[in-house]
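Chemist: The following block contains the structure, expressed as structure tokens.
The values are calculated or read from the model by the stated rules, or taken from the named source; none is laboratory data. Computed from a prediction, not measured in an experiment: that's the story for all the values here. Positions of Cβ are backbone-derived with ideal geometry, glycine not excepted, and every protein chain shown enters the neighbour counts.
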Amino acid sequence: LIHKAFERGISPPGDPSTIPCDEAQDCSLSEFRLLRYWASKVNKLIVVGDSWQNLYNWRGADPRGFFDSEIPEGHTKVLEQSYRVPRRVHAQAMQMIGRCEGLEPVVYHPRPEDGEVDHACYSMRHHPQEVTRHIAELLQEPDSAPGRPKVMGLFTCAYMAYPLLAALRADGIPFWNPCSKERSNFNPLHPSKGTSTLQRIL
């Protein structure tokens, strides 16, 4: 489909004036070629991405499209300052990414805090109780907001969190997902439909 759209000179769907392309490091060279063609049909093409986050080589993604896109001088902006990653986490990440070959060098500064890196290997599928014990310990530590420590879990896909959610329920540790409030399995205390568990307890 990508090849045919370029080969037949098909215009951008919807006749847009601007085309934004996010996560552009996941585009193949054929997709970049189509984007460059479409750029000739619109007022502006905005390409955003991070070549260091290229994860889809297996389906043809090639970050070289970033650097071979004939971007006019003065139209490139690099976000050099991170506002999320502290120094120690930044150093660990840079050490890991340094093992990869063929990456274009970029300037990337951490935020001005030390932060902390802790290595812990758990089997989320087979022994989620070990994770809940660690979470319970973290919840006892002081937080910037007194009396309100917080722990966040990140998962690639929702189903990967299910063993941990079951273990949290079994251990009586409350949890919620502010990004998916309508999902009761991620928000057992939220009244998405009818009466919440919290209201029942009260």
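Chemist: Being modelled with pLDDT under 75 and part of a loop (DSSP other than H, G, I, E, B) is the filter here, so list the residues in the stretch 191-202 that pass it.
Modeler: Matches in the stretch 191-202: P191, S192, K193, G194, T195, S196.
Chemist: Could you run through the stretch 78-98 and say how many residues are within 17 Å of P63 (Cβ to Cβ) and either surrounded by 11 or more Cβ atoms within 10 Å (Cβ to Cβ) or of a type outside the set (A, V, I, L, M) (or both)? Working first, answer last.
Modeler: Narrowing the stretch 78-98 to residues within 17 Å of P63 (Cβ to Cβ): 78-79, 97-98.
Add one more test, that the residue is either surrounded by 11 or more Cβ atoms within 10 Å (Cβ to Cβ) or of a type outside the set (A, V, I, L, M) (or both), and what stays is 79, 97-98.
Final tally of qualifying residues: 3.
Chemist: Same structure, new question: Among the candidates V89, V42, single out the residue that is in contact (Cβ under 8 Å) with a residue 24 or more places away in the chain, in contact with a Pro (Cβ under 8 Å, 6 or more places away or on another chain) and outside any helix (DSSP H, G or I).
Modeler: Details: V89 fails: outside any helix (DSSP H, G or I).
So the residue among V89, V42 that is in contact (Cβ under 8 Å) with a residue 24 or more places away in the chain, in contact with a Pro (Cβ under 8 Å, 6 or more places away or on another chain) and outside any helix (DSSP H, G or I) is V42.
Chemist: Of all residues in the stretch 1-39, which are assigned to a loop (DSSP other than H, G, I, E, B) and either without any contact (Cβ under 8 Å) to a residue 24 or more places away in the chain or exposed (fewer than 11 other Cβ atoms within 10 Å of the Cβ) (or both)?
Modeler: Our first condition is that a residue be assigned to a loop (DSSP other than H, G, I, E, B); within the stretch 1-39, this holds for 1, 8-17, 22-23, 27.
If the condition is that a residue be assigned to a loop (DSSP other than H, G, I, E, B) and either without any contact (Cβ under 8 Å) to a residue 24 or more places away in the chain or exposed (fewer than 11 other Cβ atoms within 10 Å of the Cβ) (or both), then L1, R8, G9, I10, P13, G14, D15, S17, D22 are the ones that fit.
Chemist: Take the residues in the stretch 61-70 that are without any contact (Cβ under 8 Å) to a residue 40 or more places away in the chain and under 14 Å from E23 (Cα atoms), then tell me which one is surrounded by the fewest Cβ atoms within 10 Å (Cβ to Cβ). Don't jump to the end; show me each part of the working.
Modeler: Here is the first cut: in the stretch 61-70, the ones without any contact (Cβ under 8 Å) to a residue 40 or more places away in the chain are 61-62, 64, 67-70.
Those still in the list that are under 14 Å from E23 (Cα atoms) too: 61-62, 64.
Working: A61: 18, D62: 19, R64: 13.
Per the stated criteria, the residue is R64.
Chemist: Checking L79 against (1) in a loop (DSSP other than H, G, I, E, B); (2) over 30 Å from S30 (Cα atoms), which single condition isn't satisfied?
Modeler: (2)
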